[in-house]
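Working notes, beginning with the structure itself.
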Amino acid sequence: MINLELLTIDVCAVARRVAEYIRNERRNFNQNCVEHKQAHDYVSYVDKQSEEKIVAQLRQLLPDAGFITEEKSATYQGEDYCWVVDPLDGTTNFIHAFSPYAVSIALISGKEILLGVVCDVPTASCYYAWKGGGAWMNGNRIHVSDRHLDDALLCLQLPYNNEAYNPVAKHLIDTFYGRVASIRMIGSAAIALCLVAQGCLDGYMEKYIGQWDYMAGAIIVNEAGGRVSNYAGSTDFTEGNDVVATNRLVHDDMLKAVAGV
């Protein structure tokens, strides 16, 4: 039987160590090291080496677990437990020296998220949660906001798949601009989810993202009293590519905005 609280503390230590490595590399980062995965989707040696460091350390914590990782340095072959890792969420922000960007690590079993850790690299703030244990940031309990739509601060991210998402993005901005307090786009799904959990943002939605982008943040939002679903409203979102996360009070409004688009 895994002690999820103790394991989460160990994963926080892993995330913090790798975040320190990323901060150090950012000081002398060479733009010529950047590669293009696809249009406007970047990767560098920092992403790859960070992932290798994370995988090696997580293997020590749970040797029999598989991996789903963004840079494909390890594999999942049906193991009972699986780590879901984004070594550097917000790579575009990172290469432009623009905050935020983060290390994101989750542990799942089947479709159940057992724990999640997100470390904001520039600030060294660590968000974390385990099943049934609440949501935390640097040792302090966090909770979603109680704001309604009129006063809400929403994060409407713009994914790389611009041709497919362009009509949706325009519709969302048309729907919410002038109706809510304001709209933000911050460039890191993991941090956006954590800001919902912390009560700074009231709602966030994004499509065409990977499991590594949202899995850790999703359990942090849920444990902070929020609500997470896919664009169709289903809580069975762990194998999809679209996520809505809110303080619960604005969730139906956000789902209504994407219905039929």
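Spot the failing condition for W136; the list is (1) touching a residue at least 40 places away in the same chain (Cβ under 8 Å); (2) open to solvent by 20 Å² or more (accessible area, probe 1.4 Å), and only one is missed.
(1)
Every residue in region 90-111 that is more than 20 Å from K48 (Cβ to Cβ), open to solvent by 40 Å² or more (accessible area, probe 1.4 Å) and in contact with a helix residue (DSSP H, G or I) (Cβ under 9 Å, 6 or more places away or on another chain), please.
Across region 90-111, the qualifying residues are F98, S99.
Considering only residues that are touching a residue at least 60 places away in the same chain (Cβ under 8 Å), within 17 Å of A13 (Cβ to Cβ) and either surrounded by fewer than 24 Cβ atoms within 10 Å (Cβ to Cβ) or in contact with a Phe, Trp or Tyr (Cβ under 8 Å, 6 or more places away or on another chain) (or both), which ones fall in region 114-132?
Across region 114-132, the qualifying residues are L115, G116, V117, V118, C119, D120, V121, A124, C126, Y127, Y128, A129.
Might you check whether a residue that is open to solvent by less than 40 Å² (accessible area, probe 1.4 Å) and either touching a residue at least 60 places away in the same chain (Cβ under 8 Å) or part of a strand (DSSP E or B) (or both) occurs anywhere in region 76-83?
Taking region 76-83 as the starting set, the residues that turn out to be open to solvent by less than 40 Å² (accessible area, probe 1.4 Å) are 82-83.
In the following step, the residues that additionally are either touching a residue at least 60 places away in the same chain (Cβ under 8 Å) or part of a strand (DSSP E or B) (or both) were identified as 82-83.
Yes, region 76-83 contains a residue that is open to solvent by less than 40 Å² (accessible area, probe 1.4 Å) and either touching a residue at least 60 places away in the same chain (Cβ under 8 Å) or part of a strand (DSSP E or B) (or both).
Give me a count of the residues in region 225-258 that are farther than 17 Å from E112 by Cβ and open to solvent by 70 Å² or more (accessible area, probe 1.4 Å).
Number of matching residues: 5.
Residues are listed down the side, and each one gets a yes or a no for (1) within 14 Å of V196 (Cα to Cα); (2) out of contact with any Leu (no Cβ under 9 Å at 6 or more places or on another chain):
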position	(1), (2)
D146	yes, no
D150	no, yes
Y160	no, yes
V168	no, yes
S182	no, no
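Looking only at region 161-184, count how many residues are at pLDDT 95 or above and either outside any helix (DSSP H, G or I) or among the aromatic types (F, W, Y) (or both).
9
Counting just the residues of region 190-223 that are of a type in the set (G, A, S) and farther than 16 Å from D120 by Cβ, which one comes out modelled with the lowest pLDDT?
If we filter region 190-223 for residues that are of a type in the set (G, A, S), which is where we start, we get 190, 192, 197, 199, 203, 210, 216-218.
From the residues that got through so far, the ones that are farther than 16 Å from D120 by Cβ too are 203, 210, 218.
On the way: G203: 98, G210: 92, A218: 98.
Across region 190-223, the extreme among qualifying residues is G210.
Between a residue in region 233-254 that is in contact (Cβ under 8 Å) with a residue 60 or more places away in the chain and within 16 Å of F176 (Cα to Cα) and any residue that is of a type outside the set (D, E) and surrounded by fewer than 20 Cβ atoms within 10 Å (Cβ to Cβ), which pairs come within a Cβ distance under 8 Å, given they are 6 or more apart or on different chains?
Every condition considered, the pairs that remain are L249/R147; L249/H148; L249/L149; V250/R147; V250/H148; V250/L149; D253/L149.
The values are calculated or read from the model by the stated rules, or taken from the named source; none is laboratory data. These figures come from a predicted structure and were not determined experimentally. Ideal geometry is used to build each Cβ from the backbone, glycine not excepted, and the neighbour counts take in all protein chains shown. Heavy atoms of the whole protein, side chains included, go into the accessibility calculation; ligands, DNA and RNA do not. Shrake-Rupley method; radii C 1.70, N 1.55, O 1.52, S 1.80 Å.
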